[in-house]
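Just below is one structure, and these are the notes that go with it.
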Amino acid sequence: MHHYAHNSNETLRKRGYRLTPQRYMILSVIQEADEHLSIEQILERVQKRNPQVSLSTIYRTLELLRELGLVRENHLPGEQPHYETANGLAHHHLVCRRCRAIIHLDEALLGNLNEHLQEQHHYHDIALDLVATGYCDACWLAMQQA
């Protein structure tokens with residue numbers, strides 16, 4: 001069992017859920033990906049392992065895993081939601097508006113903003129998800145030449 005899946009199993013059990021084979025497959029697919037995955041990509045990869053897993057199972061499982069803080073749902077500009085493992089309390093992206101390239105930014109980028117928000121507004125377990133958009137060098141040069 002992957003380290004991530006093992007930790008996820010503990011989280012699920014503490015909240016009264018089991019790590020079913022379908023949940024394990026979905027967690028594994030997301031954890032093994034080196035990119036953000038759409039629902040369709042997750043479905044395709046899970047069905048390669050088990051064609052019996054339905055789209056509704058994927059949706060229900062992602063909703064549960066998101067609620068439990070095991071996966072992160074990203075709403076990048078102009079795209080449908082994408083999913084990735086939820087590691088840490090901060091996650092930031094820099095997205096090119098033209099080619100859609102995504103760069104993961106250092107989670108320390110916003111310093112201790114979550115601590116300030118907790119102290120000033122009395123919120124707890126704050127997750128910071130910054131999405132900054134602009135143009136990568138290649139797209140910027142192409143646009144300048146056009």
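Counting other C-beta atoms within 10 Å, and keeping those with at most 14, which DSSP coil trypsin sites (Lys or Arg not before Pro) do you find in region 1-66?
Of the trypsin sites (Lys or Arg not before Pro), the ones in loops of region 1-66 whose Cβ has at most 14 other Cβ atoms within 10 Å are ARG15, ARG18.
For region 3-51, which GluC sites (Glu not before Pro) are in a loop by DSSP, counting at most 12 other Cβ atoms within 10 Å?
Answer by residue number: GLU35.
Work out, step by step, the length gained on full extension between ALA108 and TRP140: first 0.36 nm times the residue separation, then minus their alpha carbon distance; give nm to one decimal.
8.8 nm
Quick one: Karplus J couplings for region 100-107, per residue in order, coefficients 6.51, -1.76, 1.60, θ = phi - 60°, nearest Hz, x for Gly and Pro?
6, 4, 10, 10, 7, 9, 4, 5
Within the chain, what percent of beta bridges assigned by DSSP are antiparallel, to the nearest 5?
Antiparallel bridges make up about 60 percent of those DSSP assigns within the chain.
Translational diffusion coefficient, Stokes-Einstein: compute it for region 1-61 using the Kirkwood radius over C-alpha pairs as Rh, at 10 °C and 1.306 mPa s, and state it as an integer in µm² s⁻¹.
My calculation gives 134 µm²/s for D.
Multiply the residue gap between ARG98 and ARG18 by 0.36 nm, knock off their C-alpha separation, and tell me the result in nm, one decimal place.
Once the chain is fully extended between ARG98 and ARG18, it gains 24.6 nm.
Considering the options HIS91, TRP140, ASN9, tell which one lies farthest towards the positive end of the dipole of the chain, charges being +1 on Lys and Arg and -1 on Asp and Glu at the Cβ, about the Cα centre.
ASN9
For the chain, with a Gaussian network of springs between Cα atoms less than 10 Å apart, report the residue from LEU109, LEU70, LEU43 with the top mean-square fluctuation.
Most flexible of the set in this elastic network: LEU109.
Quick note: the coordinates plus some simple rules give every number you see, no bench work behind them. All values reported here derive from a predicted model rather than from experimental measurement. In this analysis, Cβ positions are derived from the backbone assuming ideal geometry, glycine residues included, and neighbour counts consider all displayed protein chains.
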